[in-house]
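Peer 1: The structure follows.
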Amino acid sequence: MTRAGGEGVASGKVILLGEHSVVYGHPAIAAGLPRGASARAVPSADRTVLAVEPWGVEVSPDPAADKSLTRALAAMVEAAGWKDTVRVDARVDLPGGSGLGSSAALGVAVMRAVDDLLGIQRSDAEALEVSLAWERVFHGNPSGVDNAMAIAGGLAWYVRGQPIERIRGRAPLTLVIGDSGEPCSTMITVGDVARQHAADPERMGKQFEAIASIVRNGRLAIERGDLVSLGQLFDMNHALLAGMLISTGTLEEMIAAARNAGALGAKLTGGGGGGCMIALTDGGESAARVKGAIEALGKRAFVATIGSIDSESGDLA
Ligand code: PMV
């Protein structure tokens, strides 16, 4: 039954450990952010329209259009099986192209708002399939981690094609997230890594294995509340990602500044090639010092405690 209006919200995410290797079937650990995207859907007499703020864009579904958002909407309408035309007004509260899962959060918020309007209920697995149709337009070959986290939030273990597993940490994780301001295209860096893999599958396979064992040890460290070991694992994971040439000079500078300011470990997060880095801290003053060190480089930073966010510590959007 169609209602007067439908609402949808979804989380952004940070990948703590395991980006890129997750595309090849290895595990990753990710955490939902309390901010992400929201949407409101209402019936529309003639055609389906999606308006997104603060981007100031408005699109209608067209599978042959140049604009990715237009094609993504067409893919979602098709995968969701929506027969009615709707108007969706959405808002993204994350910087786009920064490795924080903004496109997946937007897709899930839109899907939830329209489903709510049309009275459609889906299992998490069905919701993942519908939102992956959208995400493939932006990312080509997404592992699904962004979408699974947009749907579920929280702290989770993710393996491609499997339902997420919740992780229970013994100690809160206080992260500083720094935005390099350099846009990253996950599609491009995933393609770079795929080329390296095609050229030397054995060497890249070993790198992915090494990252997978870092991720497994990271889970144990989180479950034991061993932040010092987790920080070291952040550093090791970053070294392997940098070896795949997907870090940048700016990210390296920010990571070094975070470590010098007392972070327990720091790494790029998400696709790389720009976007965001994360630093693990002891919380409190140590997080403020690391945040200050990143801001001293002229970059935006905010503190996120897994499970809650320090809203006074920086406006990311
Ligand atoms: O850049 P983001 O936030 O979309 O993160 C992408 C994570 C990758 O592992 C690089 C790609 C993927 O699909 O998992």
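Peer 1: Identify, from the list Ser229, Ser247, the residue that is within 16 Å of the ligand (Cβ to nearest atom), free of Cβ contacts under 8 Å to residues at least 60 places away in the same chain and either closer than 30 Å to Leu106 by Cβ or surrounded by fewer than 24 Cβ atoms within 10 Å (Cβ to Cβ) (or both).
Peer 2: Values: Ser229 fails: within 16 Å of the ligand (Cβ to nearest atom).
Exactly one of Ser229, Ser247 is within 16 Å of the ligand (Cβ to nearest atom), free of Cβ contacts under 8 Å to residues at least 60 places away in the same chain and either closer than 30 Å to Leu106 by Cβ or surrounded by fewer than 24 Cβ atoms within 10 Å (Cβ to Cβ) (or both), namely Ser247.
Peer 1: Sticking with this structure for a sec: Run Thr70 past the list (1) surrounded by fewer than 17 Cβ atoms within 10 Å (Cβ to Cβ); (2) more than 19 Å from the chain's Cα centre (by Cα) and report the number of the one that doesn't hold.
Peer 2: Here Thr70 clears every test but (1).
Peer 1: With a cut-off of at least 1 residues that are of a type in the set (Lys, Arg), name the helices (runs of 4 or more DSSP H) lying wholly within segment 79-175.
Peer 2: Per the criteria, 102-118, 124-139.
Peer 1: Could you give me the residue pairs with C-beta distances under 8 Å whose first residue belongs to segment 188-200 and is among the hydrophobic types (A, V, I, L, M, F, W, C), whose second residue is outside any helix (DSSP H, G or I) and more than 10 Å from the ligand (Cβ to nearest atom) wherever it lies, and which are 6+ apart or on separate chains?
Peer 2: What qualifies is Val193/Met244.
Peer 1: Considering each of Gly181, Gly218 in turn, give the residue that is part of a helix (DSSP H, G or I), among the small types (Gly, Ala, Ser) and within 16 Å of the ligand (Cβ to nearest atom).
Peer 2: Gly218
Peer 1: Please list, ordered by residue number, the helices (runs of 4 or more DSSP H) wholly in segment 226-295 having 3 or more residues that are at pLDDT 95 or above and under 17 Å from Ile29 (Cα atoms).
Peer 2: Working: elements: 227-243, 249-260, 284-295.
Hits in segment 226-295: 227-243.
Peer 1: Checking the conditions here, which among Gly271, Gly275 is buried (at least 21 other Cβ atoms within 10 Å of the Cβ), touching a residue at least 60 places away in the same chain (Cβ under 8 Å), touching a helix residue (DSSP H, G or I) at 6+ places or on another chain (Cβ under 6 Å) and not β-branched (Val, Ile, Thr)?
Peer 2: Details: Gly275 fails: touching a helix residue (DSSP H, G or I) at 6+ places or on another chain (Cβ under 6 Å).
After ruling out the rest, the residue left standing is Gly271.
Peer 1: Among the residues of segment 114-129, is any free of Cβ contacts under 8 Å to residues at least 24 places away in the same chain, farther than 13 Å from Gly36 by Cβ and within 16 Å of the ligand (Cβ to nearest atom)?
Peer 2: Looking through segment 114-129, at least one residue is free of Cβ contacts under 8 Å to residues at least 24 places away in the same chain, farther than 13 Å from Gly36 by Cβ and within 16 Å of the ligand (Cβ to nearest atom).
Peer 1: Taking Leu50 as the residue in question, decide whether it is part of a helix (DSSP H, G or I), in contact with a strand residue (DSSP E or B) (Cβ under 8 Å, 6 or more places away or on another chain) and surrounded by 15 or more Cβ atoms within 10 Å (Cβ to Cβ).
Peer 2: Considered against the rule, which asks whether it is part of a helix (DSSP H, G or I), in contact with a strand residue (DSSP E or B) (Cβ under 8 Å, 6 or more places away or on another chain) and surrounded by 15 or more Cβ atoms within 10 Å (Cβ to Cβ), Leu50 comes out as no.
The values are calculated or read from the model by the stated rules, or taken from the named source; none is laboratory data. No experiment lies behind these values; they were computed from the predicted model shown. Reconstructed Cβ throughout: ideal geometry from the backbone, glycine too, with neighbour counts over all protein chains shown.
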